[in-house]
Amino acid sequence: MANRIMLNETSYHGAGAIQEIATEAKTRDYKKAFVCSDPDLIKFGVTAKVTDVLDNAGLAYEIYSDIKANPTIENVQHGVQAFKDAGADYIIAIGGGSSMDTAKAIGIIIANPEFEDVRSLEGTAPTKKPCVPIIAVPTTAGTAAEVTINYVITDVEKKRKFVCVDPHDMPVIAVVDPDMMASMPKGLTASTGMDALTHAIEGYTTKAAWEMTDMFHLKAIEIISRSLRGAVANEKEGRDGMALGQYIAGMGFSNVGLGIAHSMAHTLGAVYDTPHGVACAMMLPIVMEYNAECTGEKYREIARAMGVKGVDDMSVEEYRKAAVDAVRQLSTDVGIPTKLDAIREEDLQFLAESAYADACAPGNPKDASVEDLKDLFRKIM
């Protein structure tokens, strides 16, 4: 079986990288941008950093801001019509995973109108054409949606999130400019950073992991572990590190998948509107404990990458515990809660069934039944 790696055609990294957007748009002869960005980023002037670049270059654009933190089917449907009305020929997605996920779904449907029923995109939909060209500009250091073939949409009616995995949705260009992330509030920096760590650890331990993706994931764990506390404190070195670390994690997990920490986080987000990164952070150490027996020596390398000393002198049980403890400590240090008060015992069956059916679940290194998932959910009650 061949292992596949998919990455952006082009990516730019570093302060001031957004200036390259105009160069790329002109070089590729794009005519009009459909700018997807959420209302808060527009309100606080973050989106304007990019539209100023477009204005200075004389490039046409139209802004679409009907985007929620957990983007819905309706957001996508409205966006498809707005794209058509705008007469645009490419998308610039500015924001976190919400803006980029919305942009991916819009771009896929425009190019593949037979999938206009958004629900038909769930899983690995057999689309035929690459989506509308996307230039992705992350404003959070966490989702890595700018370099993944995944997006997640919320079905409000059915109280569930569904994952779409489609090689045709990969942004053509990623512009990872830490200056675009400088205005992230402390809580969002912490939660998106823990989402990135979850990507790296789950990607490293998933059933499909292999040497090339292991390389990405271990480096991502190392960079995120040394950078997140500083990023939460709004230190430049920490911000720069997180911008790179989360992208490297995306280079890996997009190609090998994730596990049940993400399956469970998707469910918590759909039912309680729990921020995705917070849900991931709460579930990650719990899931790591559950998976430990099926991870070989990998937790030793996770512990080492997180800065734990003396791992070569530890027993298997000791280095596995050290890895989990390091994750818990980082999560605590950046202010992530360990309990979710909203969960009730009567919700557990639905939560567990939803997580079991999630597209990320099959990649988990240890198979989990609905009853297993109920038990894991109970640990955050």
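The values are calculated or read from the model by the stated rules, or taken from the named source; none is laboratory data. Remember, it's a predicted structure, so these values are computed and weren't measured experimentally. Reconstructed Cβ throughout: ideal geometry from the backbone, glycine too, with neighbour counts over all protein chains shown. For the accessible areas, the whole protein counts, side chains as well, though only heavy atoms, and no ligand, DNA or RNA atoms are used. Shrake-Rupley method; radii C 1.70, N 1.55, O 1.52, S 1.80 Å.
The table below lists the values:
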| quantity | calculated |
| --- | --- |
| Signed unit charges on C-beta, dipole axis of the chain, positive-most listed residue MET180, GLY193, ILE5 | MET180 |
| Accessible surface of region 4-51, 1.4 Å probe, proportion on carbon and sulfur as whole % | 52 percent |
| Hits among lysines - C-alpha to C-alpha of LYS32 under 29 Å, sequence gap 8 or more where chains match | LYS43, LYS49, LYS68, LYS84, LYS104, LYS128, LYS129 |
| Cβ-placed point charges (K, R +1; D, E -1), dipole of the chain about Cα centre in debye, nearest 20 | 280 debye |
| Cα gyration tensor, region 225-267 - rounded (a/c under 1.5), prolate or oblate | oblate |
| Inter-probe distance in nm under a simple model that places probes 7 Å from Cα toward Cβ, at MET212 and LYS379 | 3.3 nm |
| LYS49 accessible area, 1.4 Å probe, all protein chains in place, Å² to nearest 10 | 80 Å² |
| Rounded percent of accessible protein surface that carbon and sulfur make up, region 160-229, 1.4 Å probe | 60 percent |
| Helix-only [θ]222 nm of the chain, DSSP H runs n ≥ 4, -39500 (n - 2.57) each, per residue, nearest 500 | -16000 deg cm²/dmol |
| Cleavage-rule hits (chymotrypsin sites (Phe, Trp or Tyr not before Pro)) in region 31-105: DSSP loop, at most 12 neighbouring Cβ within 10 angstrom | PHE44 |
| Unit charges on C-beta of K, R, D, E only; dipole of region 65-122, Debye | 160 debye |
| R0 of 30 Å, Cβ-Cβ distance GLU293-ARG119: FRET efficiency to nearest 0.05 | 0.25 |
| Pairwise FRET efficiency - ALA48 versus LYS186, Cβ, R0 = 35 Å, nearest 0.05 | 0.95 |
| Dipole in debye (nearest 20) - region 120-186, about Cα centre, beta carbon charges: Lys, Arg +1; Asp, Glu -1 | 260 debye |
| Diffusion constant of region 19-97 at 25 °C, which comes from Stokes-Einstein with the Kirkwood Cα-pair radius and 0.890 mPa s, µm²/s | 190 µm²/s |
| Per-residue SASA entry for MET381, accessible area with 1.4 Å probe, Å² rounded to 10 | 80 Å² |
| Percent RCO, i.e. relative contact order, over the chain, from Cα pairs under 8 Å lying at least 6 residues apart | 15 percent |
| Cleavage-rule hits (GluC sites (Glu not before Pro)) in region 294-381: DSSP loop, at most 11 neighbouring Cβ within 10 angstrom | GLU297 |
| Global geometry of region 1-152, whether rounded, prolate or oblate, following the gyration tensor of its Cα atoms and the 1.5 cut on a/c | rounded |
| Rounded accessible area per residue of region 44-195, 1.4 Å, Å² | 34 Å² |
| Full-stretch length increase - ARG28, SER315 - with 0.36 nm per residue and alpha-carbon distance subtracted | 97.8 nm |
